[in-house]
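Comments concern the structure below.
The values are calculated or read from the model by the stated rules, or taken from the named source; none is laboratory data. Source: prediction; values computed, not measured. Cβ placement follows ideal geometry from the backbone for every residue including glycine, while neighbour counts extend to all protein chains displayed. Just so you know, the surface numbers come from the protein's heavy atoms only, side chains and all, with ligands and any DNA or RNA stripped out. Shrake-Rupley method; radii C 1.70, N 1.55, O 1.52, S 1.80 Å.
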Amino acid sequence: MVDVHKVYIEGDEMRYYCLEIDEGNKKKYAYGLSVTEWPRKWILCSKCQREWKKSVMHDFGTDTPIVLSNDNYPDFLWFYINHISEKAKDVLEREKITGYRLEKAPVLSFNDLTDMQLKELRRHGTRVNKIPTVPPAYYKLHVDVCAELYRKSNIILLDSCSECGYETYLAESKERIESRDSLFLRGESLNGIDLFRAKGYGVNIYCSERFVEAYQRHELTGLMFTEIVVL
């Protein structure tokens, strides 16, 4: 599904999209459930004198074991870092999609879970009897933060440190950003890659029209696409 909005790039007409979750209609697609604490590391910077916790969820090699919520497996599975199926991996490689790296994801079986993990999952409302005992292989989709938001997006860099990598962003005005319709990407920062994230709003993954075309042609599942504004 593609939700169409106007897109503008100076001197060219190019379309880019934000990846959205397709939850599934008749039967909800599986999603990832964490069985460990959020991965972070303490940083004490000698340059800026900050002591802070850095999320390493998107770092290559971070151990983030998950279980699947049910047995209706999508090709693009939602978790805090996206996971993709063997089929999606093959499609991205065959179509020479750019802008990503993959690593094997640790997907646990129901039989791998401890009594304490099952108790915690139940406490958060998970129907543990739906967790598969023979889950399929998935891969963590690592997409770099490289694009920049156009100033019109109202998000600015408030503070940063070149030594420890600390960055904090905020809305330039008091007006709160309520939707992705308020975000605009700077066209000069895209560099023709197919998958990318944006500085200051790094959770969302954006993609080229070429990626959308490959996704639809190979009948992959788990995603929806909202066209975004590029200036």
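What net charge do the residues around P39 carry, taking every other residue with its C-beta under 13 Å from that of P39, with Lys and Arg at +1 and Asp and Glu at -1? Write down the numbers at each step before the final one.
Details: positive: R40, K41, K53, K54, K140; negative: E37, D59, D63.
Summing Lys/Arg as +1 and Asp/Glu as -1 gives +2.
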Expected field for W52, accessible surface area in Å² at 1.4 Å probe radius, rounded to 10, holds 40
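Where in region 52-119 are there trypsin sites (Lys or Arg not before Pro) that are in a DSSP coil and have at most 12 other Cβ atoms within 10 angstrom of their Cβ?
Numbers: sites: K53, K54, K87, K89, R94, K96, R101, K104, K119; in loops: K96.
Sparse-neighbourhood loop trypsin sites (Lys or Arg not before Pro): K96.
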Report, to one decimal in Å, the Kirkwood hydrodynamic radius for region 9-78 based on all distinct Cα pairs. 16.1
log₁₀ I(q)/I(0) of region 62-140 at q = 0.14 Å⁻¹, via Debye over equal Cα point scatterers, no solvent, to two decimals? -0.50
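Stretch D63-N111 to full length: gain in nm at 0.36 nm per residue minus the Cα-Cα span?
On the way: separation 48, 0.36 × 48 = 17.28 nm, distance 1.90 nm.
Net length gain for the segment: 15.4 nm.
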